[in-house]
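Written below as structure tokens is the structure these notes are about.
The values are calculated or read from the model by the stated rules, or taken from the named source; none is laboratory data. This one's a predicted model, so the numbers in the text were calculated from it and none came from an experiment. Positions of Cβ are backbone-derived with ideal geometry, glycine not excepted, and every protein chain shown enters the neighbour counts.
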Amino acid sequence: MARLFGLQPPALETCRILELGCGDGSHLIPIALTLPGSRSVGVDLARAPVEAGRKIISGLHLGNVVLHQLDLRKVDESFGQFDYIIAHGLYSWAPPETRDRLLAICGTNLAPDGIAFVSYNTYPGCHMRDMMRQMLLYQTRGLSDPELKLKHAYALINFLASSAAKPPALAEEVESLQSRSASALFHDDLAETNQPVYFHQFAEHAGRHGLEYVGEAEFKALLHGGLSDETARTLKLVSGGDRIQEQQYLDFLRCRRFRQTLLCRRPAALPERPDAGAVMHLRAASSLQPVSDGADAASDAEAEFRSPAGHTLKTNLPLAKAVLFSLSGRWPASVAFGDLAAEVALRLAGAPGDTVALAELLLRLSLSGVVELHALPPSFTLEVSARPRAFRLARLQAAQGRSVTTLRHTTVDLEDDLSRWMVSLLDGTKNRRELQHGLEAFAAGRDRPGAVRAEELERNLHSMARLALLEA
Ligand SMILES: C[S@@+](CC[C@H](N)C(=O)[O-])C[C@H]1O[C@@H](n2cnc3c(N)ncnc32)[C@H](O)[C@@H]1O
């Protein structure tokens with residue numbers, strides 16, 4: 001994102017990272033593994049998650065990440081400078097003094113070209129959440145036992161849900177609470193402190209610490225797409241070229257509740273719009289898959305693509321079809337801009353590639369969430385080798401539970417115990433025969449004796465690869 005706005009952030013491969021409120025290190029540990037030349041420091045007040053994280057770090061013999069059990073207010077200049085500072089799920093949930101320290105640390109401990117990531121709840125959208133929060137706080141008043149608090153909270157949610165005559169705004173909020181996990185309900189809506197802010201207030205607070213707004217971590221969150229021409233014109237007029245004002249009015253339009261903002265140190269003259277030219281130095285990926293095979297990219301025929309979440313995109317634009325056909329075959333891997341340009345030119349019957357048009361299209365598609373842009377090549381492989389090796393962290397996690405981290409730094413749930421066993425077996429030393437024996441022994445131990453068929457093993461290995469669980 002920083003590069004798209006003309007900045008030159010420090011190289012990821014050798015960067016220094018500080019995470020405030022790092023919990024059990026679930027962000028920093030996969031980074032430390034996939035970027036061995038990076039160095040990370042995490043700080044969290046809570047003892048239990050820090051200890052759990054340290055156990056994983058020592059189990060993986062990682063020397064480039066440390067977690068400190070510490071109040072972030074104790075972080076000072078002696079910690080040194082960091083290229084990237086992360087504070088996720090902290091700003092809105094911390095008392096005023098702590099949130100001020102959080103931004104002060106970003107202001108003093110961020111390297112000159114560094115980038116800070118701070119997430120927080122925003123108004124106006126959170127007024128709706130506040131409505132539910134106030135009801136829940138009333139319902140759970142005087143209770144301190146977490147289980148009891150949750151029990152009473154759910155009693156109110158179910159009571160509201162059961163009423164047929166709800167105003168639509170209430171129905172929507174109740175539904176959203178029902179879809180949240182108990183842990184999110186407890187730590188978020190029932191939290192002692194949960195203070196959303198308007199974006200302009202956050203930007204002003206950051207400014208007081210010498211920090212400038214860069215953009216949002218999720219590209220599509222910057223979205224101007226979906227606005228009618230007239231709304232877009234009025235927005236431009238009311239914001240008068242001021243990026244903060246423009247984002248604030250966008251929050252009004254979208255009734256936004258949450259932001260993941262990127263900040264840099266001042267002074268930084270950032271352009272109003274991201275630069276498509278920067279896309280030429282990045283990589284692209286897309287999870288969209290063609291609905292039917294054989295559509296011709298070069299013709300004017302319409303082709304349909306579908307995302308894993310079921311959203312569809314139809315286009316007859318040859319360039320867009322060629323891009324999406326190329327990326328769909330490589331998902332979840334990304335492809336460098338130059339390679340994509342060459343492949344697209346081939347699909348369009350060798351027509352001379354217009355790289356500027358391709359970069360602009362990729363930028364538009366990433367703004368609408370269709371394409372991901374990446375700075376680094378993937379650290380996973382889609383090819384299953386003779387002795388496949390699963391991500392070290394996932395192997396450790398698979399031996400303990402169902403949730404594992406992928407090499408894309410996402411989390412997936414491995415539902416059945418055989419898949420979990422298989423991940424833990426993939427240490428790069430076993431061939432197919434040894435894997436088959438290992439799985440059969442495991443199944444027999446669970447009173448499910450039987451042969452594991454070679455095709456079944458192969459299918460499972462390929463689905464592990466598609467989940468980005470196999471190391472390159
Ligand atoms: C909602 S959790 C987010 C954890 C992690 N960043 C994540 O995204 O999964 C907030 C974390 O901030 C920590 N925290 C709260 N106040 C803190 C403080 N003053 N100093 C350090 N950590 C703090 C909490 O202990 C908790 O682990």
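Annotations for the structure displayed:
- Filtered by the rule that a residue be surrounded by 13 or more Cβ atoms within 10 Å (Cβ to Cβ) and either closer than 26 Å to V279 by Cα or modelled with pLDDT under 90 (or both), segment 221-234 gives A221, L222, L223, H224, L227, A232.
- Filter result for G241 (surrounded by 16 or more Cβ atoms within 10 Å (Cβ to Cβ) and under 24 Å from Q8 (Cα atoms)): no
- Helices (runs of 4 or more DSSP H) fully within segment 330-441 that include at least 1 residues being over 30 Å from Q8 (Cβ atoms): 337-347, 392-398, 417-425.
- The one condition in (1) more than 28 Å from the chain's Cα centre (by Cα); (2) of a type in the set (A, V, I, L, M); (3) buried (at least 19 other Cβ atoms within 10 Å of the Cβ) that L317 fails to fulfil: (3)
- In segment 269-305, the residues that are of a type in the set (K, R) and either part of a helix (DSSP H, G or I) or surrounded by fewer than 16 Cβ atoms within 10 Å (Cβ to Cβ) (or both): R273
- Hey, D71 surrounded by fewer than 17 Cβ atoms within 10 Å (Cβ to Cβ), within 16 Å of the ligand (Cβ to nearest atom), farther than 30 Å from G369 by Cβ and acidic (D, E) or not: yes
- Single condition G107 does not satisfy, out of (1) within 16 Å of the ligand (Cβ to nearest atom); (2) in contact with a His (Cβ under 7 Å, 6 or more places away or on another chain): (1)
- When every residue of segment 329-338 is checked against the conditions, none turns out to be crowded, with 16+ Cβ neighbours inside 10 Å, free of Cβ contacts under 8 Å to residues at least 40 places away in the same chain, of a type in the set (S, T, N, Q) and under 23 Å from F219 (Cα atoms).
- Test: residue in segment 212-219 that is at pLDDT below 95, within 16 Å of the ligand (Cβ to nearest atom), out of contact with any Phe, Trp or Tyr (no Cβ under 6 Å at 6 or more places or on another chain) and part of a helix (DSSP H, G or I): no
- Enumeration of residues in segment 74-94 that are more than 8 Å from the ligand (Cβ to nearest atom), surrounded by 21 or more Cβ atoms within 10 Å (Cβ to Cβ) and either within 19 Å of A32 (Cα to Cα) or not aromatic (F, W, Y) (or both): V75, F82, D83, Y84, I85, S92
- Among (1) in contact with a Ser or Thr (Cβ under 9 Å, 6 or more places away or on another chain); (2) closer than 28 Å to Q247 by Cβ, the one test that L156 misses: (2)
- Exactly one residue out of N64, N109, N121 is in contact with a strand residue (DSSP E or B) (Cβ under 9 Å, 6 or more places away or on another chain), closer than 20 Å to R180 by Cβ and not hydroxyl-bearing (S, T, Y): that is N121.
- When P30, P36 are screened for being touching a His at 6+ places or on another chain (Cβ under 6 Å) and either closer than 26 Å to A394 by Cβ or free of Cβ contacts under 8 Å to residues at least 60 places away in the same chain (or both), only P30 passes.
- Being near the ligand (Cβ under 9 Å from one of its atoms) and either farther than 26 Å from A2 by Cβ or not acidic (D, E) (or both) is not true of L28.
- Residues in segment 193-203 that are within 14 Å of P96 (Cβ to Cβ), part of a helix (DSSP H, G or I) and more than 22 Å from the chain's Cα centre (by Cα): Q201 only.
- Residue, surrounded by the fewest Cβ atoms within 10 Å (Cβ to Cβ), within segment 106-126, restricted to residues that are more than 30 Å from L253 (Cα to Cα) and in contact with a helix residue (DSSP H, G or I) (Cβ under 7 Å, 6 or more places away or on another chain): T108
- Criterion violated by H61 - all others in (1) within 10 Å of the ligand (Cβ to nearest atom); (2) more than 30 Å from P271 (Cα to Cα); (3) not aliphatic (A, V, I, L, M) satisfied: (1)
- Count of residues meeting criterion [in a helix (DSSP H, G or I) and free of Cβ contacts under 8 Å to residues at least 24 places away in the same chain] in segment 306-328: 1
- Hey, E97 modelled with pLDDT of 95 or more, within 16 Å of the ligand (Cβ to nearest atom) and touching a Leu at 6+ places or on another chain (Cβ under 9 Å) or not: no
- Residue list for segment 237-268, restricted to those being within 12 Å of G125 (Cβ to Cβ) and assigned to a loop (DSSP other than H, G, I, E, B): C255, R256, R257
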